[in-house]
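Here the structure is laid out as structure tokens; the discussion comes afterwards.
The values are calculated or read from the model by the stated rules, or taken from the named source; none is laboratory data. All of these numbers come straight from a predicted model, not from anything done at the bench. As a convention, Cβ positions derive from the backbone with ideal geometry for all residues, glycine included, and neighbour counts pool all protein chains shown. Surface accessibility is based on the protein's heavy atoms, side chains included, excluding ligands, DNA and RNA. Shrake-Rupley method; radii C 1.70, N 1.55, O 1.52, S 1.80 Å.
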Amino acid sequence: MAVGAIGDEEEWVSLYEEENEPDAQTLEIPNLTPYTHYRFRMRQVNIVGTSPFSQSSRVIQTLQAPPDVAPTSITVRTASETSLRLRWVPLPDSQYNGNPESVGYRIKYWRPDLQAQALAQVINDRLEREFTIEGLEEWTEYELQMQAFNAIGAGPWSEAVRGRTRESGYQIAYRLASSSPNTFTTVEVGATVRQFTATELAPESAYIFRLSAKTRQGWGVPLEATVITTEKRERPAPPRELLVPQAQVTARSLQLRWVPGSDGASPIRYFTVQVRELPGGEWQTYSSSVSHEATACAVERLRPFTSYKLRLKATNDIGDSDFSTETDAVTTLQDVPGEPPSFVSVTPHTTSSVLIQWRPPRDESLNGLLQGYRIYYRELESEAASATVSKTLKTPSALRAELAAQSSFKTVNSSTLTTYELTRLKKYRRYEVILTAYNIIGESPASAPVEVFVGEAAPAMAPQNIQVTPLTASQLEVTWDPPPPESQNGNIQGYKVYYWEADSQNETEKMKVLFLPETVVKLKNLTSHTQYLVRISAFNAAGDGPQSDPRQGRTHQAAPGTPSFLAFSEITSTTLNVSWGEPAAANGILQGYRVVYEPLAPVQGVSKVVTVDVKGNGQRWLKVRDLTKGVTYFFRVQARTIAYGPELQANVTAGPAEGSPGSPRDVLVTKSASELTLQWIEGNAGRTPTTGYVIEARPSDEGLWDMFVKDIPRSATSYTVSLDKLRQGVTYEFRVVAVNQAGYGEPSSPSTAVSAQVETPFYEEWWFLLVMALCSLIVILLVVFALVLHGQNRTYGSCSRGKSISNMEESVTLDNGGFAALELNSRHLNVKNTFSKKNGTRSPPRPSPGGLHYSDEDICNKYNGAVLTESANLKEKSVDASESEGTDSESEDAPPQHSFVNHYMSDPTYYNSWKRRAPGGRAPHRYEAVAGGEAGPHLHTVVTTQSAVFAPAGPGARTPLTGFSSFV
């Protein structure tokens, strides 16, 4: 194989390959470019691979030769009645094939209607692009050709082009269409005139115009047109009834027919046809010069088996019509595929078969529905040197038409299959294979023939049981088993190990060849903590077998590289921010970073080294707050995985920076209930104007200055801070630093210390709330007392007036502070009387029983202002009993036994029982007594404050109501 470097740019390209000549000592390299400098180098190839390139040869220049090509893009335009202008694209420098100073062009021209000798013109300027040929006949057609030449000779002639000189003049004749045919008005104009205006015409009339060209030979054939003189002209109507007859549709063309619309009182000049390829194509103009007289147009240059829509518009002197309605979709017919299958390869598979692989033709070249492929193959005659590997020829050795009569073929009836095994071939024979694609119309052109030697086959299967084991941070061990014996197709001579980083195969893939049938290899010089993929193939004398599926393996971790950068920002006299970048080579999982800093020279005799470990990879910055003004510090940062990597070092000097502003003056802090306000006066300006301010704070519980507020506008001279942003109970000092483009300036003097405690309003203090609660309680008691007095006055007033009260509820308070609930039930009355005795108040006077006179009619029926019926039942209920236990139906039909008052008046023994219970006595019982005529013993429920006791009563006995004297 020979590889050459062309020209001065030293770009190495492959120029020639010579196969099966291992003993050759000389090599002829064809197809080189004349008059070009080359250097050559070579390499050898065997079944294992290619050798390194040889040393390059000296610079060699090929000889000059005539140009290989003619000028391109030649065009001819009419210049005048006797001249033509010719234009072309000059040759590029690489096609001169000789000294550029000797390159020129030759033009020959002749009249095709005469047999006269051609004339010639020579242009010696190689960069010239146009030339005017003078002295030609008027209104005459000429053919022209060009060629390039150099000092060695002339190159080939170009294709002939044609051009015609102008006429010497024109004649315009016109008349009314209704007048005599011989009454024309005639006007002659020069050869360069392209427009004529006729005047003094009759309005709303039809005229016939004729135009004739004139040369020295005479007048030519006239062109005639009808024109209507009117001011009512308008754009034409679009053509209608567009139709594409199916019979006129072929694979690459169709015919469009239409009916013209109204011309808008102005003659149609031409039609424009547009075509759109479905489904998503844009409208393309096929032709904009269809004759005004046409009603059909052949549309060509279409793609086979493709759907199209068409539309049409007309144009007159006023303008274009709208486009017509689109036609229905029209699909062209199928055609044979335009290209053969590509990238055809034929490799031995077994000792009697080969494996054929290919890629389908491009979709745009299928020209229909692909049905499948045909494989043509034939046995070749033996040669002196038999091939041991497949060989692809640069040019086909035979056409498909020749092979069809001499070879066999196999048909692959699948459009998706791209692999086929050709079996039952003869051993130790050479075969030639070509491939075609076919559809229902026919077959494509044939692919280039491929030769293969059958008899020796590469291994049919890949190695098995591949294992990838990490050894170190830069080594992996790969082990495997050979392919199965039945698939080896001979003796395994070695293995090829392909390996690459999982994320970048193209850039990192490497191959290692083992010439001994070993089944273990160590891959070295790998990247730490990186995922690798490994494939292995076996090879024998016939070639390489298939590669195995990729297996993964990851190298061990190692110490990381240096951080990618180290930067400092916000440098003040005591603080700065240091940040760093993640190492380019992490070599593992980053566990964190170590930052070490110290002053370059001792500060006050002390050199303090500070080490800070930052865990994790998320935070790659550190706030340093213990610097000394103007001192230079030495910083070191290193990353850590399983161990610390190398350090990245940098120096930085604490502020203020040179050229920075001076310190602000008169810093004042004022405090309100919820805010702090800092005020200051701008200090001296630095080298550049001040751009803003920052505020630093020093809390009493830390003692270090830290940046508190940034990006304060330069126009500000005060700043307000909410106390919520400070820690409660902590005392703070503040200072202000001015900033410009040079950096942070000298800080101001510290402000007076101020506490961050929020002052609570007096109405939220505990003592104020307690006073308000006591005042509210007093007001409530006064209101209640007033209401009680008012109620008692109304009660006694009602009794003295003898008014009947139908319903009343009162609470009875016993002398000892207990309560008893009395309920009088009848069909007319439900009464509960309650008297309350407060501490510090005197009980009402107790009347003497002997001095009281009761009447059953007056007193018993009207007691304490309440009308009592004779059928009243007395119930003294437990607090837990429901007030609705007694109903009118309980004693509705029972005769009254006696009244409530008569019962106690008739028995003097009850008088003495109405005495005040001694203070401090046991809490009164709560019980229920029912007065009535029921016979038998009664159970009285005695309820204490802790429990309920049921006590029996003797026949006819009545339990006195303790404290009833207070009730009376």
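Numbers for the structure displayed
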read-out	value
Most positive-pole-ward Cα, LEU576, THR632, ASN651, against dipole of the stretch 563-654 from beta carbon charges	LEU576
Cross-link pairs beyond the 24 Å C-alpha cut-off, checked among LYS623/LYS710; LYS623/LYS725; LYS496/LYS522; LYS232/LYS313; LYS427/LYS512	LYS427/LYS512
Charge tally in the Cβ shell below 9 Å around ARG311, where Lys, Arg are +1 and Asp, Glu are -1, ARG311 excluded	+2
Within the stretch 282-376: Cβ-based charge dipole about Cα centre, in debye rounded to nearest 20 (Lys, Arg +1; Asp, Glu -1)	620 debye
Centre separation in Å (Cα based) which lies between the stretch 690-744 and the stretch 269-283	72 Å
Accessible area (Å², 1.4 Å probe, nearest 10) - ARG252	110 Å²
Cβ-placed point charges (K, R +1; D, E -1), dipole of the stretch 432-561 about Cα centre in debye, nearest 20	620 debye
Translational D in µm²/s for the stretch 117-238 (Stokes-Einstein at 4 °C, 1.567 mPa s, Kirkwood Rh from C-alpha pairs)	68 µm²/s
Per-residue SASA entry for GLU17, accessible area with 1.4 Å probe, Å² rounded to 10	90 Å²
VAL193 - accessible surface, heavy atoms, 1.4 Å probe, Å² rounded to 10	50 Å²
Restricting the stretch 204-292 to GluC sites (Glu not before Pro) in coil, as DSSP defines it, with at most 15 other Cβ within 10 Å	GLU204, GLU231, GLU234, GLU282
Apportionment of accessible area to carbon and sulfur, the stretch 74-164, percent (1.4 Å)	43 percent
Spatial separation of Cα centroids for the stretch 545-603 and the stretch 414-468, in angstrom	53 Å
Gap separating the Cα centres of the stretch 647-686 and the stretch 471-489, nearest whole Å	69 Å
Accessible area per residue, Å², the stretch 464-544 with all protein chains present, probe 1.4 Å	50 Å²
Accessible surface, per residue, of the stretch 169-229 when the full set of protein chains is kept, probe 1.4 Å, Å²	67 Å²
Carbon plus sulfur fraction of accessible area for the stretch 169-229, probe 1.4 Å, in percent	53 percent
Neighbourhood net charge (15 Å Cβ-Cβ; Lys/Arg +1, Asp/Glu -1) for GLN619	+3
Net charge, LYS426 excluded, C-beta distance under 12 Å - Lys, Arg +1, Asp, Glu -1	+4
Extended-chain gain in nm, criterion 0.36 nm per residue less alpha-carbon gap, VAL609 and THR62	189.7 nm
Per-pair calculated FRET efficiency, R0 = 35 Å: GLU379 and GLN547 via Cβ, rounded to 0.05	0.70
Signed unit charges on C-beta, dipole axis of the stretch 464-544, positive-most listed residue GLN531, ILE466, GLN493	GLN493
